[in-house]
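The values are calculated or read from the model by the stated rules, or taken from the named source; none is laboratory data. Keep in mind the model is a prediction, meaning the values are calculated, not measured. Reconstructed Cβ throughout: ideal geometry from the backbone, glycine too, with neighbour counts over all protein chains shown.
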Amino acid sequence: MSTRPLLDAQDLTKTFRGGVRAVSGVSLTLAAGETLGIVGESGCGKSTTAKMLLRLLTPDSGSVQFDGADVHRLRGRALRELRRRLQVVPQNPQTSLNPRLRLADSIAFNMRAHGYGAATRARRIPELLDRVGLDPSYARRYPHQLSGGQLQRVAIARALATEPEVVVCDEAVSALDKSVQAQVLNLLADLQLELGIAYLFISHDLAVVEHISDRVAVMYLGRVVEQGPARALWDDPRHPYTATLLSSVPGLGRERIVLAGELPNPADPPSGCGFRTRCPCAVDACATTWPNLTVRAPDHVAACVHPDPRRPANANAGAGTGTGANAGAGAGAGKS
Amino acid sequence: MSAALRISDLHTTFGSGDGAVRAVRGIDLEIAPGGTYVLLGESGSGKSVTARSILGLYGPAAKVTGSVCLGADELITMAPRQLRQVRGTRLGLVPQDPTGALDPLRGIGAQLGEVLAVHGLAPGRAQRRAAVLRLLASVGIADPARVAASRPHQLSGGMRQRAVIAIAIAGEPEVLIADEPTTALDVTVQAAVLGLIRDLQTRHGMALLMVTHDVGVAEELGGTVGVMYAGRLVETGPAREVLRDPRHPYTRGLLASLPVPGVARGELRVIPGRPPLTGESGTGCAFAPRCPLAVASCRHRPPPLVALGAGGRAAACPVLNDEPVAKELVS
């Protein structure tokens, strides 16, 4: 990973009308062939970030570079070429595929837009369907004739059709049944091995993100609060919000950290660190500024005033990440 | 002790003749007062239809047969007017989507008050108002007066779900049926809502029937789990034992296909194919087309649930009862 990242977003900020600061100061990089997971709860800005990377939204400030070119300044042929190399698999295949087009036509639509000729399309579409595990005879079917898992495969085939280098998967497996979700996750992994595609994998499902990602970024209230290798983040979270998220996954038997209150209004965020109003380890200093991301371990950064939030300086909260002594019962951390 | 809810041989069929969709095909289950039963299954397995059939929500749209006993009362044959009184007082429902369950044009307090009024739980406006605030406070809402005055869109998803839970428990039901109550919520909110449901269950001694697709939720709640596939229970038993040591090939496949955090990455094991659509039927075991253990006899008739040992566990798989094969499976 010493070479220049393929996708490099620096300091992205986006404020919507009404003063909703959806994203502020988010920086992310994605190297060729790797997977970066983004997790966070609804409203944390993960989809807004993805849209800025895809140039579906213009950031207020900050930049996105793809292979050295500024994504938001590209025009004409160069922009088209970017779109070919940077594809997306959206969340809901039922709504992202035109119900009135045969599946082959949906895939062909994307290819035609990028200049693939009729002969290439006719040859590639059956190959693509086969590649995602569908019988090529499906090319003639309509979306309503397929199940959700099959449609998601078609959406993947459509994204692959233009031979992209980066695919943004925005909750791409969230709508699928678990037994089918595993099939699609394996497919994405196989395609990465074979074709060297890089994924930006956005999901609220922590277990799925940990499984598929090399690195994971955790977002809260429009900012990245922690980023690091997937496994390290899971085993040894360095931001209290990450620890809380992990403790909330049911059935793992981690000691539950229950958050006080609700997500702050993004149009009127608290002063200082946005998480401090709900944070079990908040101290006075948290009210002044949102801490910068600082290095905690190799390739692992977190934005918290505590050098190690698991052992806060003034240990008044006692809400560290337990080792599961209370496994199963889980309710020990009190009611909200 | 008699059961709070006892269901035997429940069948729910939509339509008739060739187009009949047999969504539920013979469910038996029993929940003790204060007990927990988790119906676990994927979409189309019939778990929600089971819950709605218990509540008698289908009316003439479906043919529901079998027996649903709430305490000593049979609900299947109960007159609609009487059943309406049972729902909301003795049976509570927490639906999946709190937004759809609430009237967008009316305040939360008015909607909660309506339930109290309809069931004669708090006669008089002042008393009703007090009961509304008390109920909202009991589901962990910090400022009940503000929430009571709010319309649904002014509240977060978690708050709306709390309000819906308040409505469900207004009549202090004997049995609370929760149909995927946390699926639409973020994990931290889900954790809080599950904690709340469990807390209310202990406080009021309610029996809980939880419908979920989330293995984590099932593991967390404990109690008894019933794994559904294509309208039938394929495996039942104490939740933590079943989920730790599944026996039915479907349960095994389902659990194996989940990513386990912190364990080496690699291929996830998958169940080939896809679950059958609601009511899609064959003659034999519905899982046979995807099953690694299927033998010829599996395709002839659906296997019944058979006890596995004395620990209250059962599975519907004849291959498991075949000693040598079962041994090989366990090893």
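At a glance:
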read-out	value
Scope segment A:248-273; condition more than 23 Å from B:I141 (Cβ to Cβ) and modelled with pLDDT of 90 or more; matching residues	A:S271, A:G272, A:C273
Residue list for segment B:137-158, restricted to those being touching a residue at least 40 places away in the same chain (Cβ under 8 Å) and of a type in the set (A, V, I, L, M, F, W, C)	B:V139, B:A148, B:A149, B:L155
Residues that are hydrophobic (A, V, I, L, M, F, W, C), within 14 Å of chain B (Cβ to nearest Cβ) and in a strand (DSSP E or B), drawn from segment A:16-54	A:V39
Qualifying positions in segment A:241-298 - more than 27 Å from A:D205 (Cβ to Cβ), in a loop (DSSP other than H, G, I, E, B) and in contact with a Gly (Cβ under 6 Å, 6 or more places away or on another chain)	A:A267, A:T288, A:T289
Yes/no for B:A230 being within 14 Å of chain A (Cβ to nearest Cβ) and either closer than 30 Å to A:P237 by Cα or among the aliphatic types (A, V, I, L, M) (or both)	yes
Whichever residue in segment B:52-92 is modelled with pLDDT under 95 and at positive phi and, among such residues, is nearest to the chain's Cα centre (by Cα)	B:G56
Yes/no for B:H204 being buried (at least 24 other Cβ atoms within 10 Å of the Cβ) and either at pLDDT 90 or above or of a type outside the set (K, R) (or both)	no
Candidates B:G266, B:G222, B:G237, B:G205, filtered to the one that is at the interface with chain A (Cβ under 9 Å from one of its Cβ atoms), in contact (Cβ under 8 Å) with a residue 60 or more places away in the chain and on the phi > 0 side of the Ramachandran plot	B:G222
Cβ pairs under 7 Å, 6+ apart, first in segment A:171-193 and in contact (Cβ under 8 Å) with a residue 24 or more places away in the chain and within 9 Å of another protein chain (Cβ to nearest Cβ), second surrounded by 24 or more Cβ atoms within 10 Å (Cβ to Cβ) and of a type in the set (D, E, K, R)	none
Matching residues in segment B:208-217 - criterion: being in contact (Cβ under 8 Å) with a residue 24 or more places away in the chain and either more than 10 Å from chain A (Cβ to nearest Cβ) or in a helix (DSSP H, G or I) (or both)	B:L208, B:L209, B:M210, B:V211, B:V215, B:V217
Within segment A:199-210, tally of residues that are over 30 Å from A:G19 (Cα atoms) and surrounded by 23 or more Cβ atoms within 10 Å (Cβ to Cβ)	4
Residues being surrounded by fewer than 21 Cβ atoms within 10 Å (Cβ to Cβ) and modelled with pLDDT under 90 - total across segment B:166-187	2
For A:S137: the one exception among (1) among the polar types (S, T, N, Q); (2) surrounded by 17 or more Cβ atoms within 10 Å (Cβ to Cβ); (3) within 23 Å of A:D190 (Cβ to Cβ)	(2)
Inter-residue pairs, beta-carbon under 6 Å, first touching a residue at least 60 places away in the same chain (Cβ under 8 Å) and in segment B:43-57, second of a type in the set (S, T, Y), 6+ apart	B:G44/B:T278; B:S45/B:Y229; B:V49/B:T12
Residue, farthest from B:P173 (Cα to Cα), within segment B:6-50, restricted to residues that are assigned to a loop (DSSP other than H, G, I, E, B) and of a type in the set (S, T, N, Q)	B:S16
Scan of segment B:148-196 for residues that are more than 11 Å from chain A (Cβ to nearest Cβ) and β-branched (V, I, T), ordered by number	B:V164, B:I165, B:I167, B:I169, B:V175, B:I177
Failed condition for B:A192, given (1) in a helix (DSSP H, G or I); (2) modelled with pLDDT of 95 or more	(2)
Matching residues in segment B:195-207 - criterion: being within 28 Å of A:S42 (Cβ to Cβ) and either part of a loop (DSSP other than H, G, I, E, B) or of a type in the set (A, V, I, L, M) (or both)	B:L196, B:I197, B:L200
Tally of residues being among the polar types (S, T, N, Q) and more than 12 Å from every other protein chain (Cβ to nearest Cβ) across segment A:247-286	2
In segment B:218-237, the residues that are part of a helix (DSSP H, G or I) and in contact with a Ser or Thr (Cβ under 7 Å, 6 or more places away or on another chain)	B:A218, B:L221
Residue match in segment A:216-227 (condition: surrounded by fewer than 19 Cβ atoms within 10 Å (Cβ to Cβ) and either modelled with pLDDT of 90 or more or not in a helix (DSSP H, G or I) (or both))	no
Test: residue in segment A:195-213 that is small (G, A, S), facing chain B (nearest Cβ under 7 Å) and more than 26 Å from B:F287 (Cα to Cα)	yes
Residue satisfying all of: in segment A:214-224; away from every other protein chain (no Cβ under 14 Å) and aliphatic (A, V, I, L, M); farthest from A:Q91 (Cα to Cα) among these	A:V224
Top-ranked residue of segment A:61-107 - restricted to ones that are in a helix (DSSP H, G or I) and touching a Phe, Trp or Tyr at 6+ places or on another chain (Cβ under 8 Å), ranked as farthest from A:L200 (Cα to Cα)	A:L103
